[in-house]
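The values are calculated or read from the model by the stated rules, or taken from the named source; none is laboratory data. Quantities reported herein were computed from a predicted structural model and do not represent experimental measurements. Cβ atoms come from the backbone with ideal geometry, glycine included; neighbour counts cover every protein chain shown.
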Amino acid sequence: MAEVMFTSKATAEGGREGHVKSVSGVVDHNLVMPKGDTATTEGTNPEELFAAGYAACFDGALNLIASKADKEIDSKITAEVSLLKDPSDDGFKLGVNLEVSIQGVSREEAEDLAHKAHDFCPYSKATRDNIDVSLNVTTG
């Protein structure tokens, strides 16, 4: 195993109708089953938590890649994580769409930075060849 840089810890109980809490207590949420394609304020779900983590991690990777290329950017990442039917086993799988908004560089530079960030991001590495991830890059 590689050198450990940081470890985070959270515990879930009760599955999709339970509760999740991090050791720090910052994450402390009831879990609820999604109702169709609508958000609920009664609690969260694993897909929403994954979306938040992936968006934050990808934005960090993007800004690191941009700084190494001496590019000053403003960025905003929205991760859409979908729970999909998996016809191969009648179960479920995930799909991710990353909406990558980058200001301060040309469209071509933004595309290049986003793809390099996707190669570098730990969440992207973890999902590569496991779930479908699409990048939608915009500039403004």
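For the reader, a short list of remarks on this structure follows.
- Scanning segment 103-123 for residues that are surrounded by fewer than 19 Cβ atoms within 10 Å (Cβ to Cβ) and in a helix (DSSP H, G or I) returns Arg107, Glu108, Glu109, Glu111, Asp112, His115, Lys116, Asp119, Phe120, Pro122.
- When each of Val96, Val20 is tested for being under 23 Å from Ala126 (Cβ atoms), in the same structural domain as Thr7 (by TED's automatic domain parsing), crowded, with 17+ Cβ neighbours inside 10 Å and modelled with pLDDT of 95 or more, the lone residue that passes is Val20.
- In this structure, Ala51 does not satisfy being closer than 30 Å to Glu109 by Cβ and surrounded by fewer than 17 Cβ atoms within 10 Å (Cβ to Cβ).
- Every pair of residues 6+ apart whose Cβ atoms lie under 7 Å, when the first sits in segment 3-17 and is more than 15 Å from Val27 (Cβ to Cβ) while the second is assigned to a loop (DSSP other than H, G, I, E, B): Arg16/Met33; Arg16/Asn45; Glu17/Val32; Glu17/Met33
- When we screen Asn63, Asn30 for residues that are in the same structural domain as Asp119 (by TED's automatic domain parsing) and not aliphatic (A, V, I, L, M), the only hit is Asn63.
- Among the candidates Glu109, Glu80, the residue that is modelled with pLDDT of 95 or more and farther than 24 Å from Leu49 by Cα is uniquely Glu109.
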